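One structure is given below, encoded as structure tokens.
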Amino acid sequence: MKLIRPGILDITSYNAKPIPCRVKLDIMESPYDLPQGIKSKIKDACERIRFNLYPDPEAIALKKALADYTGVSSEMILVGNGSDELILYLLLCFGGDGRRAIFPEPTFSMYSTLARITSTESCSVPLRKGFELDTSEIITEANKKPSVIFIAYPNNPTGDCFQRKKVLRIIRETGALVVIDEAYYEFSRKSFVKDLSCYKNLVILRTFSKGFGLAGLRCGYLVANHEVISWLNKVRLPYNLNSLSQEIAGILLAEKRWMKKITGEIIKQRDWLYNELLKIKGIKPYPSKTNFIYFETDNPDNVYVRLLSDGILIKQIASGLRVTIGKSEENQEFLDRLNEIL
Ligand code: PMP
């Protein structure tokens, strides 16, 4: 008798083992640590928090701040330990046996990983030429079984937003729950939040890991209509967001100037790097509305290994490579080395 549940045994564990490097441009972390002013506010918060008590299970103060930030009411928000946790809740609640998770390919890998963990059938629909959604195919697949559709907007790893009218067609023409993952919203500034009032099957997912530069915080949130939130609350673990993360996320929302400063700098660097990559023969970079650039080259294995042998870590993904935008000197070093390799 096997102890482990069927379907789990052949899942590859998420390999988060750090790869030694000097310049880390692999997983869309912000290159900027928090400034002293914000760190001292966090220290003050540490004095206030009563660590012996459980956190606010409803994260009332944080949800209120998020309601102001997103322009919806607090009852439409759910917070989680990173948006990964919220993807798990979405699949626990709307996926499972006999149901499907549908997503374009390539996209963020956690949709398929968490689908397997929750016994949800994965259905990946390849992106069309130019990395655009295959709208008709997604709709056809979604109409076969109860489904959750995940659309990263902008998409990871390809970096750009899909056409808005195509996404709207999917929301309108399927009975599926459509999750628009706006993890990179602070860079793209494009959102479907305003469409929530029209579509009951729409869910927006966001995170503090990217534009706010707080990957270490593990704080994500979701915006949806009240009914969807009430269903998700049935599977949510009690106290799923710790007291410190609730406080720090609130501080960052009150200090939005910092987020605007770092996203502005990263966008400047991204656009500079994109233009420089365009000049290199043998590299095809794709436009990006995020803090990374996806590019193709003839021998991605060789480029990846040679960059790493020089201490520069990027990510090999799909049939190309993805570089996270770092500080200007890091981006310059990456570019110089890439020029040498090619
Ligand atoms: N969604 C997308 C599209 C992502 O690229 C990532 C992280 N790479 C996440 C969600 C996960 O975010 P979090 O750190 O909040 O779990």
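Membrane-span-like helices in the chain, defined here as complete DSSP H runs extending at least 30 Å along the helix axis by their C-alpha atoms with mean Kyte-Doolittle hydropathy no lower than -1.0, are 256-278; this is a sequence and geometry rule, not a statement about a membrane.
A straight chain from K64 to L237 at 0.36 nm per residue would run longer than the Cα-Cα distance by 60.2 nm. A Förster radius of 35 Å, combined with the Cβ-Cβ distance separating K190 from S73, puts the computed FRET efficiency at roughly 0.95. Stokes-Einstein D for the range 143-191 at 37 °C, 0.692 mPa s, Kirkwood Rh over Cα pairs, in µm²/s? In µm²/s, the coefficient rounds to 287.
When the solvent-accessible area of the chain is split by element, carbon and sulfur atoms take up 52 percent of it, the probe being 1.4 Å. For the chain, the solvent-accessible area of protein heavy atoms averages 48 Å² per residue (probe radius 1.4 Å; ligands and nucleic acids excluded).
Spatially, the range 274-342 and the range 35-106 are offset by 33 Å when compared through their Cα centroids. Excluding same-chain neighbours fewer than eight residues apart, the lysines reachable from K281 by a Cα-Cα span under 30 Å are K24, K129, K268, K289, K315, K327.
Where both bridge residues fall in the range 36-255, DSSP classifies roughly 35% of the beta bridges as antiparallel.
In Å, what Kirkwood hydrodynamic radius results for the chain from the alpha-carbon pair distances?
Final number for the Kirkwood radius of the chain is 21.1 Å.
Placing a pseudo-label 7 Å from each Cα along the Cα-to-Cβ vector at W272 and E173 gives an inter-label distance of 4.4 nm. Fully extending the segment from I19 to L244 would add 78.1 nm, taking 0.36 nm per residue of separation and subtracting the current Cα-Cα distance. Between D44 and Q163, the modelled label-to-label distance comes to 5.0 nm, taking each label 7 Å out from Cα in the direction of the beta carbon. Please list, in order, the residues from the range 1-44 whose amide nitrogen is less than 19 Å from a point placed 7 Å along the Cα→Cβ vector of A318. Counting backbone N atoms under 19 Å from the label point, the list is 26-29.
Based on the Kirkwood radius over alpha-carbon pairs, what value in µm²/s does the Stokes-Einstein equation return for the translational diffusion coefficient of the range 10-103 at 25 °C and 0.890 mPa s?
D, rounded to a whole number, is 137 µm²/s.
Using the Cβ-Cβ distance between D336 and K129 with R0 set to 22 Å, the FRET efficiency works out to roughly 0.10. Annotation: extensible slack from D10 through E227 equals 74.6 nm (criterion: 0.36 nm per residue apart, minus Cα-Cα distance). The value of relative contact order for the chain, using C-alpha pairs under 8 Å at least six residues apart, is 23 percent. In the range 119-217, what chymotrypsin sites (Phe, Trp or Tyr not before Pro) fall in a loop by DSSP, with at most 10 other Cβ atoms inside 10 Å? Loop-located and lightly packed - none at all.
The values are calculated or read from the model by the stated rules, or taken from the named source; none is laboratory data. Small disclaimer: the values here were computed from a predicted structure and weren't measured. Positions of Cβ are generated from backbone atoms using ideal geometry, with glycine treated the same way; all protein chains shown enter the neighbour counts. Surface accessibility is based on the protein's heavy atoms, side chains included, excluding ligands, DNA and RNA. Shrake-Rupley method; radii C 1.70, N 1.55, O 1.52, S 1.80 Å.
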